[in-house]
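Quick one: this structure, given as structure tokens, is what I'll be asking you about.
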Amino acid sequence: MDKSHRDLLNMNLVALTTDLDPCDVVVPLIEMGVLTMEERNKILKIPQTRNEKVVELISILQSKGPTAFEAFMGALQNTNSHLYDLLSRKQQNSVRVNIQADANPAERRSPVEHDIFRMISLRNVCLAAEAIGNILAELGRFGRRILDITEGSVVLDVECPSVEALDDLWELCQSGKLARMFQEAIVTDSFLQRHKVKSVSLCVAIHSTEYSTYRRVLLSKYMSEFKIFSTKLCLTEYRSNEIG
């Protein structure tokens with residue numbers, strides 16, 4: 001396995017040990033010729049926690065040839081899509097805010113979510129433009145930027161320049177405030193009538209794995225910048241003392 005792929009797995013080891021069940025991927029990896037039955041038994045028969053099984057799995061994969069990483073990604077794509085997405089993004093520079101609609105009747109969910117996507121994307125021409133504009137302004141606090149808006153459900157890709165910005169966004173989602181803002185802006189009587197539904201309940205969330213991983217990236221970036229600043233400060237003081 002390439003060093004870059006080994007480093008990527010190490011960087012996301014907390015997310016992998018938290019969310020991955022080795023049973024989900026060992027069989028596909030055996031079928032692809034990456035793992036042997038002996039290695040499978042070694043992983044699954046570890047008497048300790050699931051976390052330690054994952055650590056052993058990753059350790060074995062990192063010792064394999066150049067196709068091991070792609071095989072692992074293929075297994076993840078079919079069983080743990082959010083981990084697949086996380087590793088695919090390599091250096092995480094944003095977090096995804098997912099907006100899901102629970103419609104009644106349920107079969108109307110897809111057109112409802114498509115309309116929500118349209119309303120957010122084309123906020124300058126829709127009836128709820130001002131209300132949605134206020135929500136996006138809230139999302140833009142602390143220097144945050146929406147990099148992209150995609151469907152399936154509706155996903156806002158939000159860049160946060162600092163830990164403070166990310167934590168504030170996390171709290172907006174966890175407290176339900178962001179969901180209430182979208183609910184009030186979008187789910188009006190005319191919206192329900194247009195889609196012929198009795199009710200629509202919006203859920204707005206950030207996956208905890210993405211949040212924790214992005215937070216570590218931002219903290220690491222902050223520490224690197226702090227070390228550079230400290231070095232420059234020390235050099236400035238040293239030169240001042242030399243001149244003095």
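The values are calculated or read from the model by the stated rules, or taken from the named source; none is laboratory data. Note that the structure is predicted; figures quoted are calculated from it, not measured. Positions of Cβ are backbone-derived with ideal geometry, glycine not excepted, and every protein chain shown enters the neighbour counts.
Take the residues in the range 11-30 that are surrounded by fewer than 20 Cβ atoms within 10 Å (Cβ to Cβ) and aliphatic (A, V, I, L, M); name whichever of them is nearest to Ala75 (Cα to Cα).
Per the criteria, the residue is Val27.
Of all residues in the range 54-88, count the ones that are farther than 12 Å from Ala15 by Cα and over 21 Å from the mean Cα position of the chain (by Cα).
Adding up the residues that qualify gives 13.
Hey, among Phe142, Phe117, which residue is more than 22 Å from Leu218 (Cα to Cα), in a helix (DSSP H, G or I) and among the aromatic types (Phe, Trp, Tyr)? Step through it out loud before you land on a result.
Details: Phe142 fails: more than 22 Å from Leu218 (Cα to Cα).
Only one candidate qualifies: Phe117.
On to the next question. Just a yes or no: is a residue in the range 93-103 modelled with pLDDT of 85 or more, closer than 15 Å to Arg194 by Cβ and of a type in the set (Asp, Glu)?
no
Given the residues Asp157, Asp168, which is the only one that is surrounded by fewer than 18 Cβ atoms within 10 Å (Cβ to Cβ), assigned to a strand (DSSP E or B) and acidic (Asp, Glu)?
Working: Asp168 fails: assigned to a strand (DSSP E or B).
Result of the check over Asp157, Asp168: Asp157.
Those residues that are free of Cβ contacts under 8 Å to residues at least 60 places away in the same chain and either more than 24 Å from Thr209 (Cα to Cα) or of a type in the set (Val, Ile, Thr) (or both), I need them from the range 1-35; list them, please.
Thr17, Val25, Val26, Val27, Ile30, Glu31, Met32, Gly33, Val34, Leu35
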